[in-house]
Amino acid sequence: VLTANGRRVALLGYNDFPPRSFAAKRNAPGTAWLVEKDVVRDIQQARQQADIVILFLHWGEELEETPLPAQQALARRLIDAGADAIIGAHPHVTQTIDWYKSRPIVYSLGNFLFDYFPTDPPVWKGWIVSLTFGADASPRLDKYTVELDPAGVPHLVSGQ
């Protein structure tokens, strides 16, 4: 939980991509797995400590340009549980941005920094998103597109 401009912001991160051996243990750091009942519990606990709750989810199918129906349904349930925004990554391509109950769901940011492999496309794209929460906690989302050069370094697409 961070404090910004007098408001407490909880940042919660979860992973839905193996290996499971990376899981956190009771006394050892590691990955928090994207298990709905656990995430809902964490959102409810965070809501007691914070004014704004933002989820970062490592999820989705690689190279798919649309989220899976199961992801869309889960994202809505997490908003219903109290999340104010969901930001996702993993597919290496940008996916859609949905709004549910006036809350943003960014399914995948695409790539920001990434090593190229010989079979990769000539240009990877990604998004930078900026969330601004009004006095009533209503979010505004601004999106900026980046393209990665052959060295894997992002550059803002001109005209933004």
Dividing the helical contributions, -39500 (n - 2.57) per DSSP H run of n ≥ 4, by the residues of the chain yields a 222 nm value, nearest 500 deg cm²/dmol, of -5500 deg cm²/dmol
Among chymotrypsin sites (Phe, Trp or Tyr not before Pro) in the stretch 64-149, those in a DSSP loop whose Cβ has at most 16 other Cβ atoms within 10 Å are Phe112, Phe114, Tyr116
The longest stretch of the chain containing none of the GluC sites (Glu not before Pro) that sit in a DSSP loop with at most 13 other Cβ atoms within 10 Å is 66-160
Residues whose built amide H sits under 5 Å from the amide H of Glu61, excluding neighbours closer than 5 in sequence, are Leu68
Taking a probe of 1.4 Å and leaving out DNA, RNA and ligands, the chain shows per residue an accessible area in Å² of 58 Å²
Percent relative contact order for the stretch 55-139, counting Cα pairs under 8 Å at least six residues apart, stands at 26 percent
Using alpha carbon centers only, the stretch 92-118 is separated from the stretch 12-38 by a whole-angstrom value of 21 Å
Computed over the chain, the relative contact order (Cα-Cα under 8 Å, seq sep at least six) in percent reads 16 percent
DSSP beta bridges in the stretch 1-72: the antiparallel percent, rounded to 5, is 30 percent
As straight-line cross-link partners of Lys37, the qualifying aspartates and glutamates (C-alpha separation under 16 Å, not fewer than 8 residues apart within one chain) are Asp16, Asp80
Once the in-chain neighbours fewer than 8 apart are removed, the lysines whose Cα is under 17 Å from Lys143 read Lys125
quick note, the chain, DSSP beta bridge pairs, % antiparallel (nearest 5) is 60 percent
For the stretch 11-160, the percent of all C-alpha pairs falling in each 5 Å bin, from 0 up to the bin holding the max distance, is 2, 9, 17, 20, 19, 15, 11, 6, 2, 0
The percentage of the accessible area of the stretch 108-160 (probe 1.4 Å, all protein chains present) made up of carbon and sulfur atoms, to the nearest whole number, is 59 percent
Note on the stretch 1-72: contact order normalised by length, alpha-carbon pairs under 8 Å, 6 or more apart, percent, works out to 39 percent
Exposed trypsin sites (Lys or Arg not before Pro) being those in a DSSP loop with at most 10 other Cβ atoms within 10 Å, the longest stretch of the chain free of them is 27-100
Helix 69-81 sits off the longest principal axis of the Cα atoms of the chain, rounded to the nearest 10 on a 0 to 90 degree scale, by 30 degrees
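The values are calculated or read from the model by the stated rules, or taken from the named source; none is laboratory data. Please read these numbers as outputs of a predicted model, since none were measured by experiment. Quick reminder, even Gly has a Cβ in these numbers, built from the backbone with ideal geometry, and neighbours come from all protein chains shown. Note: areas computed on protein heavy atoms with side chains; ligands, DNA, RNA excluded. Shrake-Rupley method; radii C 1.70, N 1.55, O 1.52, S 1.80 Å.
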